[in-house]
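The structure appears below as C-alpha cells.
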Amino acid sequence: MSPQGTVQPDDEPVLDKIKALSGWCIEEQRKRQKMTQDHLAKATGITDRWLREIEAGNPATSIDDHLRCAAAVGLATSYLLVLVIFMERKMIFPRELLLDDLPQIEERCVACIAEFSVASLARRLSAPMQSASPR
C-alpha cells in the first residue's frame, strides 16, 4: 500500500491487494463505529487473532471472512467490486472513497449499467425493424 493512500498497480497478485485494502476498510469502518476488535470478532464468529489478520490484509485470509466482517461493520459488499474493477485495469483508486463516497459510487454505477443496458436493448430491438422497413 502506498503512503498516499491509493492503490498502485504493481506485480503483487490482485487478490492479495484486494485483501490488504479490504482489511484497511474493515478496520477503518470498525474504528469509526467505535467498535472493538473483540466485539467485531464475536459478532462474526471469528477469533480476535483472525480478525487482526483480516485487518492486516493477510493474503491467507478468506474473502468470505472479509465479507462477513464488512457486513458486520456496515460496509456494502460492493466495495470489493470497485476494488476488483480498478485493480484488474491497473488503475489507481483512492481508498478513502470506499468509506466516504461508496453509496454515491454505487448509485452512479448502477445507473450507468442500467442506462447502458436499456440503450443496448433498444438498439437490438430497433435493428430488425430498420432492416425490414422499405427504403
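Overview of results
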{"item": "Every residue from the range 23-52 that is without any contact (Cβ under 8 Å) to a residue 24 or more places away in the chain and either open to solvent by less than 70 Å² (accessible area, probe 1.4 Å) or among the charged types (D, E, K, R) (or both)", "result": "K31, K34, Q37, D38, A41, K42, G45, I46, D48, R49, L51, R52"}
{"item": "Answer from A56, A76, A72 - the residue that is within 12 Å of I26 (Cα to Cα) and surrounded by 17 or more Cβ atoms within 10 Å (Cβ to Cβ)", "result": "A72"}
{"item": "Index of the failed condition, I46 passing every other in (1) assigned to a helix (DSSP H, G or I); (2) at pLDDT 90 or above", "result": "(1)"}
{"item": "Selection from the range 62-102 of residues that are at pLDDT 80 or above and under 16 Å from Q33 (Cβ atoms)", "result": "R68, C69, A70, A71, A72, V73, G74, L75, A76, Y79"}
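The values are calculated or read from the model by the stated rules, or taken from the named source; none is laboratory data. Since we're looking at a predicted model, the values are computed, not measured. Using ideal geometry, Cβ is built from the backbone for each residue, glycine included, and neighbour counts are taken over all protein chains shown. Remember, those area values only see protein heavy atoms, side chains included, never the ligands or the DNA or RNA. Shrake-Rupley method; radii C 1.70, N 1.55, O 1.52, S 1.80 Å.
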